[in-house]
Amino acid sequence: MRPIVIVPACTRDFGEHPYHAAQYKYVDAVVLGADCVPMILPSLGESLDLETVLDLCDGIMLTGSASNVHPSYYSEEVLDPSLPQDPARDQTTLPLIREAVRRGIPIIAICRGFQEMNVALGGNLHQAVQAVSGKFDHRENPELGMDEQYGDAHNVTIMPGGCLERMLGVPEIPVNSLHGQGVNELGPGLRVEAVAEDGLVEAFSVETAPGFTLALQWHPEWRIQHNPYSMKMFGAFGQACRDYQAKCHAERQAAERNQT
């Protein structure tokens, strides 16, 4: 059996009806890059049974989104009320992240997921990176086509000695850039894995986690099969999910033997 990867949904209105939704590109990346089975998780907030969900899954992918993590979760006020929020997703993913990290469940986090993982683990964000002295404007140009928006925008430097260096084996890679917010301060126990040319953190892992963790500000899921670096990252995530699945299976078998 292939591992099950939970993909927490965003909440979106289509017409007059609210939906739990996840974009195709993220679901496809779980299948094509990680060779796992994606399952979209409704953002039910406090009514979600986290224990049941985490008992069933072998990995978690936190997706990007048009919405932002609400600043109240890192003790700040909203600076731009016009930017979209998704309270149901916040209420779902933040506790999900903390419990998944504690259990050692493999996690790969992208864009908004990268930001919410930092917030969940005690970090905070720049609400407008382009307004920070010395930082570039990391937002995409909405007038361009999708392939151009998701094209290479700048390079990131891979930090020596980290998990990303071990996966990719290179000191630098080109990445796309489609975000207005970004990491200000990393949470305790988080390790910088890559930085942009302006010093902005672009990737991190959780040093204290017993399992695989990789959070990425850019979008490796875009046309994943055409990017060897993205395939390596998702391949490593998929292998971690298989290892976690095998570990849980062995533990269940041992528990059953002890009961007989």
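Determine which member of the set GLN253, GLN245, GLN239 is outside any loop (DSSP other than H, G, I, E, B), among the polar types (S, T, N, Q), at pLDDT below 95 and over 18 Å from PHE114 (Cβ atoms).
The conditions single out GLN253.
Yes/no matrix, rows are residues, columns are (1) within 19 Å of GLY123 (Cα to Cα); (2) among the small types (Gly, Ala, Ser):
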| site | (1), (2) |
| --- | --- |
| ASN176 | no, no |
| HIS179 | yes, no |
| ASP198 | no, no |
| GLN217 | yes, no |
| ILE224 | no, no |
| GLY235 | no, yes |
| ASP243 | no, no |
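Report yes if some residue within region 71-80 is over 27 Å from PRO18 (Cα atoms), in contact with a strand residue (DSSP E or B) (Cβ under 8 Å, 6 or more places away or on another chain) and among the charged types (D, E, K, R); otherwise report no.
There is at least one residue in region 71-80 that is over 27 Å from PRO18 (Cα atoms), in contact with a strand residue (DSSP E or B) (Cβ under 8 Å, 6 or more places away or on another chain) and among the charged types (D, E, K, R).
Quick check on ALA246: is it within 22 Å of VAL5 (Cα to Cα) and in contact with a helix residue (DSSP H, G or I) (Cβ under 6 Å, 6 or more places away or on another chain)?
For ALA246, the condition - within 22 Å of VAL5 (Cα to Cα) and in contact with a helix residue (DSSP H, G or I) (Cβ under 6 Å, 6 or more places away or on another chain) - is not met.
Given the structure, is GLU221 among the acidic types (Asp, Glu), in contact (Cβ under 8 Å) with a residue 60 or more places away in the chain and either over 30 Å from SER82 (Cβ atoms) or surrounded by 21 or more Cβ atoms within 10 Å (Cβ to Cβ) (or both)?
Yes.
Test each condition in (1) in a helix (DSSP H, G or I); (2) modelled with pLDDT of 95 or more; (3) more than 17 Å from ARG112 (Cβ to Cβ); (4) not hydroxyl-bearing (Ser, Thr, Tyr) for GLU46 and report the one that comes out false.
Result: GLU46 fails condition (2) only.
Filtering region 87-100 down to residues that are of a type in the set (D, E, K, R) and in contact (Cβ under 8 Å) with a residue 24 or more places away in the chain, which residue is nearest to LEU54 (Cα to Cα)?
By that ranking, first place goes to GLU99.
Which number in (1) assigned to a strand (DSSP E or B); (2) farther than 24 Å from ARG103 by Cα; (3) without any contact (Cβ under 8 Å) to a residue 60 or more places away in the chain; (4) not hydrophobic (A, V, I, L, M, F, W, C) marks the one condition that PRO38 misses?
Only one criterion in (1) assigned to a strand (DSSP E or B); (2) farther than 24 Å from ARG103 by Cα; (3) without any contact (Cβ under 8 Å) to a residue 60 or more places away in the chain; (4) not hydrophobic (A, V, I, L, M, F, W, C) is unmet by PRO38, namely (2).
Conditions first: (1) more than 17 Å from the chain's Cα centre (by Cα); (2) small (Gly, Ala, Ser); (3) buried (at least 20 other Cβ atoms within 10 Å of the Cβ). ALA194 passes all but one, so which condition is the exception?
Of (1) more than 17 Å from the chain's Cα centre (by Cα); (2) small (Gly, Ala, Ser); (3) buried (at least 20 other Cβ atoms within 10 Å of the Cβ), only one is false for ALA194: (1).
Which count do you get for residues in region 3-20 that are assigned to a strand (DSSP E or B) and either crowded, with 16+ Cβ neighbours inside 10 Å or of a type in the set (Val, Ile, Thr) (or both)?
Of the residues in region 3-20, 9 are assigned to a strand (DSSP E or B) and either crowded, with 16+ Cβ neighbours inside 10 Å or of a type in the set (Val, Ile, Thr) (or both).
Among the helices (runs of 4 or more DSSP H) lying completely within region 101-205, list those that include at least 2 residues that are in contact with a Pro (Cβ under 7 Å, 6 or more places away or on another chain) and in contact (Cβ under 8 Å) with a residue 12 or more places away in the chain.
Here the list is empty.
The values are calculated or read from the model by the stated rules, or taken from the named source; none is laboratory data. Not measured: the values here are computed from a predicted model. Here Cβ is always computed from backbone atoms with ideal geometry, including for glycine, and neighbour counts include all displayed protein chains.
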